[in-house]
Amino acid sequence: MFSRRETYSGLFSIGSLQPLSGILLLLLLSVPSAACRLFSARSRRSGEVIVMMDIRFTINVSVGRGGQELDSKRFLETDVKSFNLYETRKNLLQFDLVFGGKRGKDAGFLKYRFHRQEEESQISYMLRFAMKPDVMFRNLTHPLPVIEFMDPYLYSKYIGYADMSFKRDKNETIIFKLDTKEREGYSYYAEMETTYFHVQAFGMRHGEFGPVQHNTRDSVSPNSDLSPLVVGCVVGGVLFLLLVAAGVILWRRHLGTLLSFQGGYTFSQARDGHG
């Protein structure tokens, strides 16, 4: 169902190497490989690939009570047991990565919700995480059936146009914000670190990633108040005001120099006339 891409430094026969080389090989093999996992899902409507995601991450979740941790779990991309694709509308889809818990039941859900602005074919997404405490953790008494978390930044992240793929060139750590309002006495925590992220939703051809749009910083929706256009206008306005202020200061200094020079010349003429 899934395809996986892994990189290794190579395989050798330890017996054929010198003792020092054998030690170095053991050290290399003890280092975890930089593996990613590639997911792809097809539209039920068209049969074409509509989402592709190549990702590497770590998710840490825990539950506590009275300031004491009761249980914790860690999930990697290799722990994803299945995924679900929901095409709620033509320009809106949700892609869930599912993690298993006790007795193999579904316990955690990493939810990517992609939205396409039809008039501009721009893509943005929002991220959420949900879990079932009774299936995820041990020895809980009457917990809530589902706990929901949301991205603390509260905005859609812009990832480019529909015919392009998006790749983040830096690590991203998210401490999710609890979105469930009900309380039953337990406290919950969820954190996600993404070390590789290459994604595309909509607009793929032949089931392959489109041209890559790199991003070295967090992106926001083009409709957000923090959009690049707004930021550019603000920065441009500040620079313009600084240039105007500098010009006024230089003009005043120049004018003062001219007045000082003219005043000195008049004074010397008056002295010569009375000589």
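The table below gives the values:
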quantity	calculated
Order by protection proxy (mean Cβ within 10 Å, highest first), peptides 46-58, 178-190	46-58, 178-190
Residue-count net charge about Tyr112 - beta-carbon cut-off 12 Å; Lys, Arg +1, Asp, Glu -1	+2
Net +/- balance of residues flanking Leu92 in space, Cβ distance below 12 Å, scoring K and R +1, D and E -1	+2
For the stretch 195-201, 3J(HN,Hα) per residue [Karplus equation, 6.51 cos²θ - 1.76 cosθ + 1.60, θ = phi - 60°, Hz, x = Gly/Pro]	9, 8, 8, 10, 9, 8, 10
Rounded to whole Hz, the Karplus (6.51, -1.76, 1.60) HN-Hα couplings of the stretch 42-56, x for glycine and proline	9, 6, 6, 7, 9, x, 8, 5, 10, 9, 10, 9, 10, 8, 9
Whole-Hz ³J(HN,Hα) from phi, Karplus 6.51 cos²θ - 1.76 cosθ + 1.60, for the stretch 178-191, glycine and proline x	5, 10, 7, 7, 5, 9, 10, x, 9, 10, 10, 9, 9, 9
Label zone at Asn60 (point 7 Å along Cα-to-Cβ), backbone N below 15 Å, the stretch 72-106	72-76
Local net charge near Asp179, Cβ-Cβ under 9 Å (Lys/Arg +1, Asp/Glu -1)	+2
Distance between modelled label sites at Ser43 and His214, nm, 7 Å Cα→Cβ extension	3.1
Length added when fully stretched, Glu172-Tyr86, from 0.36 nm per residue minus Cα-Cα	28.4 nm
Charge dipole (the stretch 37-221, unit charges on Cβ, about Cα centre) - positive-most of Gln117, Pro211, Ser82	Ser82
Cα-based Lys proximity count in the stretch 37-221, under 21 Å, for pairs eight or more positions apart or on separate chains	26
Cα centroid separation, the stretch 53-88 to the stretch 175-203 (Å)	8
Interchain or long-range residues, amide H under 5 Å from Leu70's placed H	Val63, Gly64, Arg65
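Read the figures in this text as sums done on the coordinates, not as results from a lab. For clarity, every value in this text was computed on a predicted model and none was experimentally measured. Counting neighbours? That spans all protein chains shown, and the Cβs are built from the backbone with ideal geometry, glycine included.
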